[in-house]
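Readers should treat all values here as calculations from the given coordinates under stated rules, not as data from a laboratory. None of the values given here were measured: they were computed from a predicted structure. Reconstructed Cβ throughout: ideal geometry from the backbone, glycine too, with neighbour counts over all protein chains shown.
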């Protein structure tokens, strides 16, 4: 019975996706092109697989390719239609993307999504400019936003930090009819168009529930966050602290430490805390730094004693999970966080289509070494 139920769910999702695209794209009037991502969601495959199937490049199973092409036909996919419409309208569309903390492993997935979206909308006649900032720096982000404005960007997607000047810049651009989307991290009470990313507060609560279940009857817990001004890092920490306090009154949570997404800093923090608190039994990382934490635990021979929960399904983190050095990883779909803001802005600027939701939350995925496949 379970198998039959799952088949019907998948079929219904595919049918609904096709019907939705036909409603939006197939009945005359102001038409909008079907995107590769929409086809990927209907087919239950990655966007890259769809691209390979429709463009006959790369290695792909023949049956899968045929199924993708059939779905694309059913959805009315016409790769050059929007490009011709854009050329005919003589409209110039340029989208700017600002990615902070671009040198972290997780952001590699975000950048991949943004690059794929860039390739897709550029085939439709638009331009996309991607700016990368190695760390979280409000001043650099503001400067990049003004630079992109001067280059004629009609819309901007940005990974922000909690900063008043950055918030004012977002509002200024919105007032100038340049829509801004925040992704991965958000700016509360700003005039941004929407947010694409994880519900980080809920993610922190999930981590707290997992930690509460696996720790012994007493001891201490350490929380290592990234940047104090990073919205996502702050929200994960808040969610964890509040939920864990309710679940485990017998446990003490130490003062939050900040590693600024730096593995060496995370290693130093872990070493210091383990030497000061012999009854430390759990570490939650609200941001990057897993490599440093695992190195410290391994060097001190405490990898089995201290339970670690972290975020993001990067290659290194998955390896630690497989080895048992991390007990749980909480994923947040970085690819979608990079891809969707570009596509939402394109549809907004080209077709006047508003985002379906103010908060486009990505899925919270819990992984153990037993369910990585």
Expected 222 nm ellipticity per residue - DSSP helices of 4 or more, -39500 (n - 2.57), all of the chain, to 500: -16500 deg cm²/dmol
Once both axes come from the Cα atoms, what is the angle between helix 263-276 and the longest principal axis of the chain, in degrees from 0 to 90, rounded to 10? 30
Quick P(r) readout (segment 200-331; Cα-Cα; 5 Å bins; whole %) gives 2, 12, 24, 26, 23, 11, 2
Using alpha carbons only, how many degrees (0 to 90, rounded to 10) separate the axis of helix 138-150 from the longest principal axis of the chain? 10
So how tilted is helix 164-175 from the main axis of the chain? Cα-based, degrees 0 to 90, rounded to 10. 10
Between residue 78 and residue 165, with labels modelled 7 Å along Cα→Cβ, what's the label distance in nm to one decimal, could you check? 4.9
Selected from 163, 66, 333 as most flexible by GNM, with the chain as the system and alpha-carbon contacts under 10 Å: 66
Hey, can you rank 266-275, 69-78, 282-291 by average C-beta count inside 10 Å, highest first? 282-291, 266-275, 69-78
For Rg and Dmax of the Cα atoms in Å, with candidates [x] 18.7, 55; [y] 22.4, 70; [z] 25.3, 74, the value calculated from the shown model is option [y]
On a C-alpha basis, how far is the centre of segment 138-192 from the centre of segment 272-351 in Å? Whole number, if you could? 28
quick note, the chain, DSSP beta bridge pairs, % antiparallel (nearest 5) is 10
